[in-house]
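Derivation of every value follows stated rules applied to the coordinates shown; laboratory data play no part. Given the structure is predicted, the values throughout are model-derived calculations rather than measurements. Cβ placement follows ideal geometry from the backbone for every residue including glycine, while neighbour counts extend to all protein chains displayed.
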Amino acid sequence: MSITVRQARSGDQDALALVGATTFLESYAGVVDGGAIIRHCAERHTPEVYGQALETRSHALWLAEMAPGAAPVGYLHLTPPDLPVETRPDDLEIKRIYVLASLHRTGLGRRFIAEAVNHARAEGASRLLLGVYQGNERALAFYERMGFDKIGTRQFDVGGRIYDDWVLALGV
């Protein structure tokens with residue numbers, strides 16, 4: 001299995017939307033109501049949403065592709081912070097690290113964290129922030145292994161139901 005990670009570019013929006021919707025479904029089926037998952041993905045994981053992100057200078061995205069055939073299997077999305085915690089002018093937010101469930105524990109998440117840290121340093125950022133569902137023990141354990149610390153909480157609405165997230169930070 002060979003996976004490459006590259007900076008996403010114009011034309012990648014369909015691949016990003018596919019990975020976004022697939023991984024959201026994989027992560028939250030059985031946790032979030034099915035109708036809410038469908039609505040969430042129809043609103044937030046569309047080619048149009050990702051196309052806008054790719055055109056926004058303050059956003060940076062990376063796409064993971066599996067050979068042969070360059071099938072999209074994960075992505076990283078960095079943005080200015082939009083979290084209900086005290087932020088610094090030089091913070092960056094990891095909006096999403098999404099990896100297909102079949103590729104968990106393969107090192108791809110670590111590769112994305114390394115890309116995020118390298119980008120943050122190149123941009124002069126001092127911290128990476130992110131929000132993660134408090135019930136997502138697998139993701140929380142991963143971020144803890146990567147050195148992230150809890151710095152606050154936020155609430156996240158999916159289909160009209162409110163979920164509690166931890167806000168985490170990593171000094172870079």
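Remarks
- Here the 3J(HN,Hα) profile of region 75-82, calculated from phi with Karplus coefficients 6.51, -1.76 and 1.60 at θ = phi - 60°, is 7, 10, 10, 10, 9, x, x, 9 Hz, Gly and Pro shown as x.
- In plain terms, the C-alpha convex hull of region 49-99 casts an average shadow of 4.4 nm² when viewed from every direction.
- Sites matching trypsin sites (Lys or Arg not before Pro) across region 30-74 that sit in DSSP coil, with at most 14 neighbouring C-beta atoms within 10 Å: Arg57
- Mean-square fluctuations from a GNM of the chain, with a 10 angstrom spring cutoff on Cα atoms, peak among Tyr75, Tyr28, Tyr98 at Tyr28.
- Fluctuation leader among Thr56, Thr22, Thr87 - the chain, Gaussian network, Cα springs under 10 angstrom: Thr56
- Summed residue charge, Cβ within 10 Å of Glu93's Cβ, Lys/Arg positive, Asp/Glu negative: +1
- Long-range HN-HN contacts of Gln134 with modeled amide H, under 5 Å: Asp164, Asp165, Trp166
- Net charge dipole size for region 39-111 [Lys, Arg +1 and Asp, Glu -1 on Cβ; Debye, nearest 20]: 340 debye
- Under-5 Å amide H pairs with Glu93, H placed in peptide plane, nonlocal only: Thr79, Leu129
- At 1.306 mPa s and 10 °C, Stokes D of the chain from Kirkwood alpha-carbon radius, µm² per second: 97 µm²/s
- Fluctuation leader among Val31, Val117, Val19 - the chain, Gaussian network, Cα springs under 10 angstrom: Val31
- Around the amide H of Met146, modelled in the peptide plane, lies no amide H under 5 Å away from a residue 5 or more places distant or on another chain.
- Here is the list for region 1-108: GluC sites (Glu not before Pro) lying in DSSP coil, each with at most 16 other C-beta atoms within 10 angstrom of its C-beta, are Glu86.
- Whole-Hz Karplus values for region 158-165 come out as 10, x, x, 9, 9, 10, 9, 10 Hz, taken residue by residue from phi with 6.51 cos²θ - 1.76 cosθ + 1.60 and θ = phi - 60°; glycine and proline positions read x.
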